[in-house]
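For reference, the structure is listed below as C-alpha coordinates.
The values are calculated or read from the model by the stated rules, or taken from the named source; none is laboratory data. Bear in mind the structure is a predicted one, so any value in this text is a computation, not a measurement. Quick note on the areas: whole protein, heavy atoms, side chains included, nothing else; ligands and nucleic acids left out. Shrake-Rupley method; radii C 1.70, N 1.55, O 1.52, S 1.80 Å.
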Amino acid sequence: MPAPRPSVAHRPAQVPSSQELFWGFAIQGLVCTGMVVALVRLIPYHQQQQQRSQFLQTELARTEAQVRELQTQFQRTFDPQQQPRLQQKATHRLQPHQRQVIWLTQP
(Lines give C-alpha, C1' and ligand atoms only; values in the text may rest on other atoms or scores of the structure.)
Protein backbone atom coordinates (compact mmCIF):
# COMPACT_ATOMS: atom_id res chain seq x y z
CA MET A 1 0.00 0.00 0.00
CA PRO A 2 1.44 3.35 -1.01
CA ALA A 3 2.37 5.83 1.60
CA PRO A 4 -0.20 8.55 2.09
CA ARG A 5 0.76 11.90 0.61
CA PRO A 6 1.23 14.72 2.98
CA SER A 7 -1.42 17.32 2.56
CA VAL A 8 -0.27 20.66 1.27
CA ALA A 9 -1.77 23.61 3.00
CA HIS A 10 -3.14 26.03 0.44
CA ARG A 11 -3.03 29.64 1.26
CA PRO A 12 -6.06 31.57 0.33
CA ALA A 13 -5.49 33.90 -2.62
CA GLN A 14 -4.66 37.33 -1.37
CA VAL A 15 -6.78 39.99 -3.00
CA PRO A 16 -5.01 43.35 -3.30
CA SER A 17 -6.73 46.24 -1.68
CA SER A 18 -8.22 48.99 -3.77
CA GLN A 19 -5.45 51.37 -2.65
CA GLU A 20 -2.76 48.95 -3.89
CA LEU A 21 -4.57 48.61 -7.21
CA PHE A 22 -4.86 52.38 -7.52
CA TRP A 23 -1.15 52.96 -6.92
CA GLY A 24 -0.20 50.10 -9.25
CA PHE A 25 -2.29 51.55 -12.07
CA ALA A 26 -1.03 55.07 -11.31
CA ILE A 27 2.62 53.99 -11.54
CA GLN A 28 2.01 52.05 -14.74
CA GLY A 29 0.17 55.05 -16.16
CA LEU A 30 3.14 57.31 -15.34
CA VAL A 31 5.54 54.87 -16.98
CA CYS A 32 3.36 54.69 -20.10
CA THR A 33 3.05 58.48 -20.18
CA GLY A 34 6.83 58.80 -19.94
CA MET A 35 7.25 56.35 -22.81
CA VAL A 36 4.78 58.28 -24.98
CA VAL A 37 6.50 61.60 -24.21
CA ALA A 38 9.89 60.10 -25.11
CA LEU A 39 8.52 58.79 -28.42
CA VAL A 40 6.96 62.15 -29.24
CA ARG A 41 10.30 63.87 -28.59
CA LEU A 42 12.09 61.36 -30.82
CA ILE A 43 9.82 61.90 -33.84
CA PRO A 44 11.36 65.28 -34.91
CA TYR A 45 14.87 63.85 -34.44
CA HIS A 46 13.93 60.86 -36.59
CA GLN A 47 12.52 63.13 -39.31
CA GLN A 48 15.67 65.25 -39.23
CA GLN A 49 17.83 62.16 -39.61
CA GLN A 50 15.69 60.99 -42.55
CA GLN A 51 16.15 64.38 -44.26
CA ARG A 52 19.91 64.24 -43.68
CA SER A 53 20.03 60.73 -45.05
CA GLN A 54 18.08 61.74 -48.14
CA PHE A 55 20.36 64.77 -48.67
CA LEU A 56 23.46 62.62 -48.32
CA GLN A 57 22.08 60.04 -50.77
CA THR A 58 21.46 62.81 -53.30
CA GLU A 59 24.93 64.25 -52.79
CA LEU A 60 26.45 60.78 -53.08
CA ALA A 61 24.68 60.14 -56.38
CA ARG A 62 25.81 63.54 -57.71
CA THR A 63 29.38 62.96 -56.62
CA GLU A 64 29.45 59.46 -58.13
CA ALA A 65 28.23 60.89 -61.46
CA GLN A 66 30.92 63.56 -61.30
CA VAL A 67 33.59 60.93 -60.56
CA ARG A 68 32.43 58.82 -63.52
CA GLU A 69 32.60 61.87 -65.78
CA LEU A 70 36.09 62.76 -64.56
CA GLN A 71 37.28 59.16 -65.00
CA THR A 72 35.96 59.13 -68.56
CA GLN A 73 37.66 62.44 -69.28
CA PHE A 74 40.90 61.18 -67.73
CA GLN A 75 40.82 58.00 -69.80
CA ARG A 76 40.08 59.98 -72.96
CA THR A 77 42.93 62.40 -72.26
CA PHE A 78 45.55 59.72 -71.68
CA ASP A 79 44.39 57.27 -74.35
CA PRO A 80 47.13 57.05 -77.03
CA GLN A 81 44.57 56.37 -79.77
CA GLN A 82 42.72 59.57 -78.92
CA GLN A 83 45.86 61.74 -78.88
CA PRO A 84 45.69 62.93 -82.54
CA ARG A 85 42.02 63.84 -82.19
CA LEU A 86 42.72 65.77 -78.97
CA GLN A 87 45.66 67.56 -80.58
CA GLN A 88 43.50 68.49 -83.57
CA LYS A 89 40.79 69.76 -81.25
CA ALA A 90 43.27 71.86 -79.27
CA THR A 91 45.23 73.33 -82.23
CA HIS A 92 42.65 73.19 -85.05
CA ARG A 93 45.16 71.37 -87.28
CA LEU A 94 44.51 68.16 -89.15
CA GLN A 95 48.13 67.00 -89.00
CA PRO A 96 50.84 67.93 -86.48
CA HIS A 97 53.20 69.25 -89.22
CA GLN A 98 50.63 71.70 -90.63
CA ARG A 99 51.00 75.39 -90.01
CA GLN A 100 48.27 77.42 -88.47
CA VAL A 101 46.87 80.18 -90.67
CA ILE A 102 45.71 83.38 -89.04
CA TRP A 103 43.85 85.83 -91.28
CA LEU A 104 44.64 89.46 -90.69
CA THR A 105 41.74 90.63 -92.81
CA GLN A 106 38.60 88.76 -93.58
CA PRO A 107 38.75 86.86 -96.92
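Once segment 51-92 is narrowed to residues that are modelled with pLDDT under 85 and open to solvent by less than 70 Å² (accessible area, probe 1.4 Å), the residue that is farthest from the chain's Cα centre (by Cα) is Thr91. Is there a residue in segment 13-23 that is open to solvent by less than 100 Å² (accessible area, probe 1.4 Å), at pLDDT 95 or above and assigned to a helix (DSSP H, G or I)? Looking for residues that are open to solvent by less than 100 Å² (accessible area, probe 1.4 Å), at pLDDT 95 or above and assigned to a helix (DSSP H, G or I), one finds none in segment 13-23, hence no.
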